[in-house]
Structures are given as C-alpha cells and as structure tokens.
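Shown next, in structure tokens, is the structure this report addresses.
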Amino acid sequence: MSTRKCVAIVDDDRSVLASTSVLLSALGYATSQHPSGEHFLEEADLDRIDCLVLDVRMPGISGLELQKELSDRDISIPIVFITAHGDIPMAVKAIRAGAADMIEKPFTQGELTESIEFSLRYRPFSGPNSMTRDAANERLDRLTKREREVFELVVLGETNKTIGRELEISPRTVDVHRKKLREKLGADRLADLIRLKQASG
Amino acid sequence: MCYRFHADGHGEVIAEETELSDRYLGLHYPASDIPEPARKQFLLNRIRIIADVDAPISQLVPSAALDLSYSKLRAVSPIHLTYLRNMGVAATLVLPLVVDDTLWGLMVCHHSTPKLLSATELHSAELSSQVLELLLENILRAERDRQIIRTQELAYSFAHTETPTFELQDMAAKLAHHFAVDALAAFIDGVWHSLDNWTGDEVDLSMLHQKTHDDVFITDDISAVVGQNMGDDLVGCAFLSLDAQRNDYLVLGRKRFNNVVSWAGAPKKAVGFDKDGLPILEPRASFSRWEQTVASKSKPFSQTDHLALSVVLPSLRALLASKKAQRLADTASLMERAQTDLRNQLLNTARSASLGELAAAIAHELNQPLTSISNYVSASQLLLKNPDEDQKNSVIELMESAVTEAQRAGQIVHHLRNLMKPGFERKLEFDGNDMLEQAVRLALTSSRQGGVHLDLHLSPDAPSVYADKVQIEQVVFNLVRNAVEAMEGMEERRLAVTSKITDDENFEVSIEDTGAGIDPNILPYLFEPFRTSKSDGMGIGLSLCRSTIEDHHGRIWAAEIGDGTRFTFAIPLGQTEGGNEH
C-alpha cells in the first residue's frame with residue numbers, strides 16, 4: 001500500500017482540474033479528478049481519499065450541497081474549498097458547516113499545500129479545534145473595541161475596502177487591525193476566525 | 001530583473017531578485033543604453049543568451065551576404081560586452097516582453113560566472129516569457145478597461161442629470177476629481193470661464209483645436225507646444241474640442257511636478273575619438289546612483305486618459321448643447337432636438353453601465369485560466385529541480401499547457417474588450433444557439449447562487465442571426481440574472497431556456513423560471529424604465545432589454561406561468577438593414 005496521501009479534486013473547469021492534479025502529483029500526492037459533484041459521489045473511492053479539494057460554484061450539485069450530502073452520509077473527509085473572488089460569503093457558510101479550510105482562486109502552490117496539510121491534521125470534533133464558548137469569548141475579550149468591530153465584519157467575509165467604508169476608516173487601517181487581531185487571537189487563517197466566531201455563541 | 005521601458009525610451013528596473021549586494025531596483029537607464037538596432041533584434045528574437053562575455057568571437061567567412069537576424073548564436077556588439085563587464089556580469093539571458101507589438105520591457109537574468117543553459121531550460125524560459133507577456137497584456141488591458149468603465153459611469157452621471165439647470169462648476173469638480181487635475185477652465189460662446197481652482201488669467205489656447213486627435217489633445221509640457229505657460233504653475237494640459245465649429249473648448253490643467261529620477265550612473269556616454277577621428281562609444285564604468293530632478297513637466301496624461309476623455313466628451317457635449325438650447329429657447333424645435341440628443345445619450349450610457357456588469361462577469365471567468373497557469377508553472381518549477389532527466393522533458397509539455405491557458409485568458413480579455421468598444425454598430429452574423437448557451441452559462445456562473453438546475457432546449461437547426469451580438473448577449477444575461485434572483489430561497493430552482501426558429505423567420509428565445517412570479521400591479525409597467533421590484537439596481541434592466549430588442553425590430557414580452565415567469569423575445573433572423581440608431 002502506498003503511503004502517499006490521496007487528494008480528490010472536484011472542479012467543473014477541466015483545465016483547473018487537470019492542472020491542480022498535475023501540481024499535486026509533482027508535490028508527491030496521489031490524486032483523483034472529478035468534473036462534477038455527481039461524478040465524485042458515483043466514482044470516488046471514498047475509503048482511500050484523505051482530503052477533498054472542492055470548488056464552491058458548480059452547475060448541478062454545488063460545492064456546499066456536496067458537503068451536506070457527505071455529512072448526511074456520515075463521511076468525514078476533510079474539505080478544502082476553492083472560491084473565486086467575491087464568493088467569500090459562501091465559503092464562510094462552508095466553514096460553519098465544518099469545512100477545514102478555504103483558498104481563493106488563483107491560489108499559489110504554497111497556499112494549496114499549506115491548506116491541504118492543515119486539513120489532513122484537522123479534526124472537527126476533537127482536540128485544539130473544538131473550543132468551548134467560554135474559551136472563545138475569553139479570547140475575543142482580548143480585542144479592543146475597534147478590533148472587535150473589524151473582527152465581526154471579517155468573519156462575514158467582507159473585504160478591507162468594504163469594512164473600511166462601513167467603519168469609516170481607511171482600508172489600510174483595517175488591514176493593520178486585521179493583522180493585530182489575528183495575532184491576539186492566535187489564528188492565522190480566516191477559517192480559524194470563523195470557527196472562533198461560531199464557538200463564541 | 002524586470003526592466004520596463006518608459007514612453008521616451010529610457011528604462012527602469014521595476015522588479016528584482018538577487019543574491020548580490022548590488023541592487024538595481026528603481027534605477028533608471030538612459031534610452032541610449034539599448035540602441036535602436038538592439039531593440040529591433042528584441043522584437044525579432046524572443047530570447048538572447050550570452051553564456052560567457054569573455055568567450056572569443058568567431059569570424060564567419062560567408063560566400064554571399066548572410067542574414068543573421070534570427071541567429072541565436074550571433075555575437076553581440078563589443079560595446080555591450082564592455083558594458084556587461086563594467087557591471088560585473090559574466091553571462092546573461094534576456095527575454096524581451098513584447099506587448100501589443102511594442103517592446104514593453106525585458107526580463108534580464110545576470111550571472112557573475114559563465115553559465116551555459118540546456119536546450120530544455122532555454123525552451124522553458126522562452127515559454128515562461130510568453131506566458132508572462134500574455135498575462136501582462138491582459139493586466140494592462142484590464143486596467144485600461146477598468147478606467148474606461150469608470151469613465152462611462154461618469155458620462156452616465158452627466159447624461160442622467162435630473163435637473164437640466166446643471167452648473168458648469170459641478171461638472172468641472174467631477175471631472176477634476178476623476179482625471180486627477182489641479183484646475184479647469186472652459187471657453188464657451190466667446191466667454192472664458194475659470195472653473196475648478198483656476199486662479200490664473202485667461203489664456204488663448206484655440207490653436208490646440210488643430211492638434212486634437214479624436215477631439216482630444218494631451219501634453220505634460222504646454223510651453224513646448226504653444227510657447228507659453230498657462231500660469232499658476234500649470235504646465236500639463238488636456239484639451240477637449242467642444243463643438244464641431246472648433247470654437248468652444250475645455251482645458252484640464254496639471255501643475256508642475258518635481259520628479260526625482262535615479263539614474264544608474266550619470267546618463268552620458270564617455271565619447272573619445274579613434275585615430276581616424278571617428279567617435280568611439282565607450283560605455284560608462286560607474287553605475288552608482290545619480291539623481292536628477294526633472295521639474296519642467298507635470299505628471300503625464302496617459303493614452304488611457306486620452307481614450308477616457310474621448311469617452312466622456314459626447315455626454316459633455318450633450319449637456320452643453322442642452323444648456324445652450326435652454327438659453328436660446330425661443331424655438332421649440334431646438335429644445336426638442338437637444339432633448340432627443342440627451343435621451344439617446346442617456347440610453348447609450350445606460351447601455352454601457354449595464355455592459356459593466358457583463359464585463360465584471362467575464363472578468364470573473366479569468367480566474368480559471370489564471371489558476372491553471374499558476375498550477376502548471378509551479379509544477380514545472382518542481383520538475384526542473386528534480387534531477388530525473390525524463391521529468392525535465394515533461395516540463396515542456398506543462399509549459400505548453402500554460403501557454404494554452406494564457407491564450408484562453410487572452411480570449412476572455414478579447415471578449416471583454418469587444419464589449420468596451422464605444423457605441424457604434426457591431427452587427428454581424430452568428431450562431432444564435434452558441435451565443436445563447438454562452439450567455440446563459442456566464443450569467444449562471446456569475447450569479448451568487450449555485451444549484452440552479454438548467455434545462456436547455458436548443459432548436460435543432462442552428463439559427464444564423466444577423467444582429468448586434470454583444471447587445472443580444474446582454475439581453476439574455478439580464479433575463480437569466482433576473483430569473484435566478486427571482487428564485488432565490490425557493491425550494492425548486494429550475495431554469496428552462498428554449499430557442500426556436502418560428503414560421504415567420506424569427507429567432508425566438510424564452511427563459512422560464514420557477515421563481516416568485518411578478519406582482520400583477522407591476523406587470524403593465526414591467527418594461528418601463530425606473531420601475532423596479534428589486535431593492536438594488538436602477539430599474540433600467542428590462543427597459544434596456546426592450547429598447548435593444550425593438551432596435552432589432554423584434555419584440556419582448558412576459559407571461560405568468562403556473563409557478564414562475566416566462567420571458568420571451570423574438571428577433572428577425574436574417575435582418576440586414578435598419579435598426580440601431582447610433
């Protein structure tokens with residue numbers, strides 16, 4: 001048996017599908033390619049797959065629907081969502097529904113591998129990822145009033161520009177707050193921030 | 001490093017990656033550093049390699065005249081080799097970046113010891129620069145198109161002025177902000193108007209009417225053109241001819257700008273003479289930073305500014321015409337004509353605004369090829385580091401895929417550009433089913449909701465339609481987006497799109513949704529402008545659809561069906577004349 005981790009990719013764009021698979025093979029992963037959610041449900045060898053890289057927006061079964069279908073069938077493969085610019089609110093839903101991580105198209109090799117490796121370690125219902133309500137709120141209390149305001153908009157998937165407009169500060173200032181609050185909360189990825197928000201009640 | 005050429009031919013290092021302490025980033029190099037013959041070579045050959053600057057040059061003894069234009073082994077000028085030695089460089093690889101058929105810049109790789117690259121490495125370098133070129137071209141075009149869209153929105157806001165008693169001053173403030181100028185003045189009906197921040201005296205610039213191109217003239221040094229300044233340190237100028245008789249004009253002024261340029265060495269070649277008295281070109285030995293302040297010019301107006309000014313000009317004219325007409329409103333017909341002008345302007349600019357949305361959807365599509373390119377190039381990088389020779393060979397294949405994807409990105413941008421061409425008639429013959437399928441797909445992927453089930457029933461015979469394809473595409477796009485919005489939050493989301501050729505030779509398209517249906521109170525006014533049931537949007541979508549379809553001598557209607565709505569439009573198939581009044 002091979003020790004290589006197996007990553008399944010679901011994307012309706014053939015070239016994104018093929019090129020992601022080429023890249024992951026070059027990085028030493030085994031891959032399986034699926035042009036649609038339906039194809040994945042019919043063809044994928046679910047026992048072999050360690051991680052699912054899933055496009056959010058597809059005709060037919062959407063990424064979110066496939067996620068729900070898997071969870072209804074009690075299949076817990078960690079999912080990394082790929083989103084396009086402007087799809088972040090959809091990705092926020094996905095994280096709330098238990099996806100491990102999300103990356104935006106076009107992504108770099110580093111972002112892709114980091115996300116996959118993160119998702120392979122990710123356990124939704126145990127360990128450091130699950131957090132009590134009190135623990136989450138204790139962390140959020142470390143933020144200043146302004147940082148908290150920024151946080152609330154960040155976890156909705158808003159951009160610096162929109163947040164800036166909302167709070168009447170410059171996008172650059174928003175970015176400074178964003179970095180600061182990530183540091184204080186010990187959460188590098190947007191996905192972690194969203195989970196923290198969810199745990200806080 | 002990446003070296004970019006400026007409009008006057010001199011170059012600047014705009015990106016750099018190096019292990020050496022010598023940094024070139026931000027330094028400017030005079031145009032004469034890369035003479036004209038070398039530039040021509042870069043347009044012909046997409047790669048130039050010097051593996052060892054000290055390698056002996058072999059003489060060729062041809063029996064007839066020999067053209068070495070395309071030879072990659074051709075020796076370079078000894079002056080250039082001295083230049084490289086002075087910089088401490090032993091080997092170079094240069095990949096010219098050609099954008100829109102002009103030399104945009106160079107990717108330059110330096111090595112401090114001689115370095116011979118394998119054929120595979122050279123080939124993949126060449127392919128990488130092709131990918132880079134295509135992406136660059138796309139970025140530059142997208143940037144330009146973005147500015148044009150913004151300008152079209154400005155033009156729309158002018159044409160859409162509710163109060164016909166607008167003030168010149170308001171318009172001037174908007175223009176000054178949009179084009180980042182310091183002052184504005186106008187000369188209308190023999191009267192000089194000092195507008196936004198113009199504190200200097202009146203200047204006669206009427207001679208610039210002759211210098212305009214598309215009724216616009218731009219310069220960053222007005223004294224070089226008219227022999228005098230415009231006062232108040234205004235040295236840059238954009239000039240707009242406001243009427244066909246070439247009397248009225250508008251001037252946008254930019255102030256003097258102190259631009260500090262960091263040259264790599266003093267930009268002068270040391271010139272000596274040989275024993276025959278001919279000049280010896282001697283490249284400079286020092287490349288240390290040498291700063292020069294250029295203070296006679298303003299920040300330049302770009303070609304994009306030029307284009308954008310010509311985009312906004314028609315609505316300025318329409319505005320001024322209507323204002324004039326008001327002033328002289330003793331004849332009713334004049335007033336009427338101005339109003340028709342204004343209405344046409346309004347319609348055209350509304351069309352552009354709605355194009356903006358279609359354009360955004362297409363721009364969104366760019367992410368797919370960009371992702372693929374990034375993947376292929378990253379995979380190639382990994383394989384090149386792999387010592388296995390077989391693996392290296394597959395790099396070529398991957399890079400070719402990357403080029404294909406870059407071309408696909410190019411096509412998307414091309415499509416985008418077609419949408420941006422300002423409003424003259426673009427009727428052509430096309431396959432209606434192809435158009436329909438593409439526009440529906442685009443509208444579905446661009447809408448925020450997934451999971452819409454699509455039933456596509458296309459007519460068995462391909463309908464050959466003669467029409468303005470972009471406009472019909474826009475109608476389909478709007479109708480599908482409306483349908484998807486109407487189904488938001490519904491249990492069943494089913495979209496049926498049907499095309500057929502009717503007995504009376506019409507191309508008929510219907511779009512059916514399982515949405516909330518239409519409020520019967522709104523139904524009679526559905527296609528009137530500024531009626532909307534949506535919370536956002538201007539309510540011009542459907543009225544625009546109707547005017548487009550009617551321009552094509554067709555008709556559009558809506559009907560309630562069991563659970564949802566059906567929109568249908570029909571346009572004559574082989575229409576060859578009439579229609580669109582642009």
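The values are calculated or read from the model by the stated rules, or taken from the named source; none is laboratory data. These numbers come from a predicted model, not from an experiment. Every residue, glycine among them, receives a Cβ derived from its backbone with ideal geometry; neighbour counts consider all protein chains shown. With ligands, DNA and RNA removed, areas are computed over all heavy atoms of the protein, side chains included. Shrake-Rupley method; radii C 1.70, N 1.55, O 1.52, S 1.80 Å.
Rounded to the nearest 10 degrees, the angle from helix A:109-121 to the longest Cα principal axis of chain A is 90 degrees.
Could you list the square roots of 5 times each eigenvalue of the Cα gyration tensor of region B:364-420, that is, the equivalent ellipsoid semi-axes, sorted largest first and rounded to whole Å? Can you show the working numbers first?
Details: eigenvalues 174, 19, 5 Å².
Listed largest to smallest, the semi-axes of region B:364-420 are 30, 10, 5 Å.
The residues of region A:87-105 occluded by other protein chains by 40 Å² or more of accessible area, set against the chain on its own, are A:LYS105; surface from heavy atoms, 1.4 Å probe.
Both chains summed, the buried accessible area for B and A stands near 1900 Å², from protein heavy atoms and a 1.4 Å probe. Over chain A, how many percent of alpha carbon pairs lie in each 10 Å bin up to the one with the longest distance? Final binned percentages: 8, 34, 33, 19, 5, 0. Note: relative contact order over region B:364-420, using C-alpha pairs below 8 Å and six or more positions apart, is 47 percent. Every Cα-Cα pair of region B:1-102 was included, and the share exceeding 17 Å stands at 60 percent. Count Lys and Arg as plus one, Asp and Glu as minus one, and take only other residues whose Cβ is under 13 Å from that of B:ARG150; the net charge is then -1.
Once the Cβ-Cβ distance of B:GLU429 and B:ASP519 is raised to the sixth power relative to R0 = 41 Å, the FRET efficiency obtained is 0.55.
Derived from the Cα gyration tensor, the three semi-axes of the equivalent ellipsoid of region B:112-238 are 45, 22, 12 Å, largest first. Applying the Karplus relation 6.51 cos²θ - 1.76 cosθ + 1.60 with θ = phi - 60° to region B:17-22 yields 3J(HN,Hα) values of 9, 8, 9, 7, 7, 5 Hz, where x marks Gly and Pro. Between A:GLU111 and B:ARG289, the C-beta separation translates, for a Förster distance of 45 Å, into a calculated FRET efficiency of about 0.75. Summing charges over all other residues whose Cβ lies under 14 Å from the Cβ of A:ARG148, with Lys and Arg as +1 and Asp and Glu as -1, gives +3. When the Cα atoms of region A:6-121 are aligned to their principal axes, the ranges along those axes come out at 33, 32, 28 Å in descending order. Normalising the average separation of contacting C-alpha pairs (under 8 angstrom, six or more residues apart) by the number of residues puts the relative contact order of region A:1-139 at 19 percent. Solvent-accessible surface of region A:6-121, averaged per residue with a 1.4 angstrom probe and all protein chains in place: 38 square angstrom. All other residues whose Cβ lies under 13 angstrom from that of B:VAL131 are scored, Lys and Arg at +1 and Asp and Glu at -1, for a net of -3.
How big is the Kirkwood radius of region A:133-200, worked out from every pair of different alpha carbons and given in Å to one decimal? Can you show the working numbers first?
Values: mean 1/r = 0.0848 Å⁻¹.
Radius from the Kirkwood sum: 11.8 Å.
How many lysine pairs in chain A, separated by 8 or more positions in sequence or lying on different chains, have Cα atoms less than 22 Å apart? Step by step, the pairs that qualify in chain A add up to 18.
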